[in-house]
Amino acid sequence: GDAVLHVAYLHKQAGRLSDSYRVIEDATAKSPRFAGFYLFRASLLDEEKKTGEAVKTLEKAVGLFPEDEKTRYYLGSLYDKQGNVEQSLVQMEAILQLNPDNVDALNYIGYTWTVQGVRLNDAEKLLKRALALKPDNAYIVDSWGWHLFVRGRHREALVQLENAARLKPTEPTILEHLADAYLKNGMREKAARKYSEAVKLAEDDTTRGKLQRKLNVLNQEIAQRTGARKAERMPAASSAELPVSGDLPEAP
């Protein structure tokens, strides 16, 4: 099975996708009980943006291999990509039934509940467990920081989100969370810098547009505040500097 996957991978790297599909499909027909073939086929479809077909492939695989955590996690992630978060949560919760220490599932559920604003106490427990298992994972640190932010613990959140950004400085979502935290803590210039970095790193137009709008609003606010401070520092005109009636131009 591993040899077949390697051959399929080499075809893919060489740009021969049809050959890669052929190798996997032939191997699956001969050995339908090898989970890796389904995962690889789903990854090919996913990269070609054929998410629906990838989902069908993994749904079949989950039926064949219900205890395979990787298959369930990949299926859950594709459900999420389709916007079907509830179905994704079903898969992640099934993973935790199989393995309570599956860090990726712990993080996904804890973060999703946090974003939804539901079951926050349960989300906190899951994220703490994930953090204990992988304290230097940037995505888990970010999830924990965002959970603190949502719970109104903004100073604590800032510490965690800065740490997440140090661990993964090229992840747009982490940078956006950090910028939001800077803004909430009154650090507007720092927030603007992080929004700007996130805009440059965004991988799709929708995300880039959302970040750019946040940046534009913040830059306008900074400009207005800067202008107001300059106006406050300007000295008031003395009476000697004010024009008298004779200095005014005559009306036409």
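By Kyte-Doolittle mean hydropathy of at least 0.0 and Cα axial length of at least 15 Å, which whole DSSP H helices of the chain are selected? Kindly include the intermediate steps, with their values, before the conclusion.
On the way: long enough: 2-13 (16 Å, 0.08); 17-30 (20 Å, -0.46); 35-47 (19 Å, 0.51); 51-64 (20 Å, 0.19); 69-81 (18 Å, -1.35); 85-98 (20 Å, 0.69); 103-116 (20 Å, 0.19); 120-133 (20 Å, 0.11); 138-150 (18 Å, 0.79); 154-167 (20 Å, -0.37); 172-184 (18 Å, 0.14); 188-201 (20 Å, -1.17); 205-233 (41 Å, -1.37).
Length and hydropathy pass: 2-13, 35-47, 51-64, 85-98, 103-116, 120-133, 138-150, 172-184.
With charges only on Cβ, +1 for K and R and -1 for D and E, what is the dipole size of the range 75-218 about its Cα centre, in debye, rounded to 20?
Details: 21 positive and 19 negative charges, 127 e Å.
Taking the Cα centre of the range 75-218 as origin, the dipole is about 620 debye.
Can you show me the helix-derived [θ] at 222 nm for the chain, built from DSSP H runs with n ≥ 4 at -39,500 (n - 2.57) apiece and divided by the number of residues, rounded to the nearest 500.
Values: 13 runs with 191 residues, N = 252.
It lands at -24500 deg cm²/dmol.
Checking the table LYS81/LYS168; LYS49/LYS184; LYS30/LYS81; LYS12/LYS49 against a 26 Å threshold on Cα-Cα, which pairs fail? Before the final figure, lay out the partial values.
Details: LYS81/LYS168 22 Å; LYS49/LYS184 37 Å; LYS30/LYS81 31 Å; LYS12/LYS49 15 Å.
Those over the limit are LYS49/LYS184; LYS30/LYS81.
Accessible area of the chain with a 1.4 Å probe: how many percent of it is carbon plus sulfur?
Values: 7560 of 14740 Å².
So the carbon and sulfur contribution to the accessible surface is 51 percent.
Counting Lys and Arg as +1 and Asp and Glu as -1, each charge on the Cβ, what is the dipole of the chain about the Cα centre in debye, to the nearest 20? Mind dumping the intermediate values first?
Numbers: 37 positive and 36 negative charges, 62 e Å.
Once rounded to the nearest 20, the dipole reads 300 debye.
Rounded if a/c is under 1.5, else prolate if a/b beats b/c, else oblate: with a ≥ b ≥ c from the C-alpha gyration tensor eigenvalues square-rooted, which is the range 1-75? Please list the in-between numbers first.
Numbers: a/c = 1.99, a/b = 1.32, b/c = 1.51.
It comes out oblate by the Cα gyration axes.
What Kirkwood Rh does the chain have if only Cα atoms enter the pairwise 1/r average? Answer in Å. Kindly include the intermediate steps, with their values, before the conclusion.
Details: mean 1/r = 0.0457 Å⁻¹.
Computed over Cα pairs of the chain, the Kirkwood hydrodynamic radius comes out at 21.9 Å.
Rank by packing, highest mean first: peptides 4-11, 198-205, with packing defined as the count of other Cβ atoms within 10 Å averaged across residues.
Working: 4-11: 16.8, 198-205: 15.0.
Put in order of decreasing packing, that is 4-11, 198-205.
The values are calculated or read from the model by the stated rules, or taken from the named source; none is laboratory data. Note that the structure is predicted; figures quoted are calculated from it, not measured. When we count neighbours, we look across all protein chains shown, and the Cβ atoms used for this are built from the backbone with ideal geometry, even at glycine. Remember, those area values only see protein heavy atoms, side chains included, never the ligands or the DNA or RNA. Shrake-Rupley method; radii C 1.70, N 1.55, O 1.52, S 1.80 Å.
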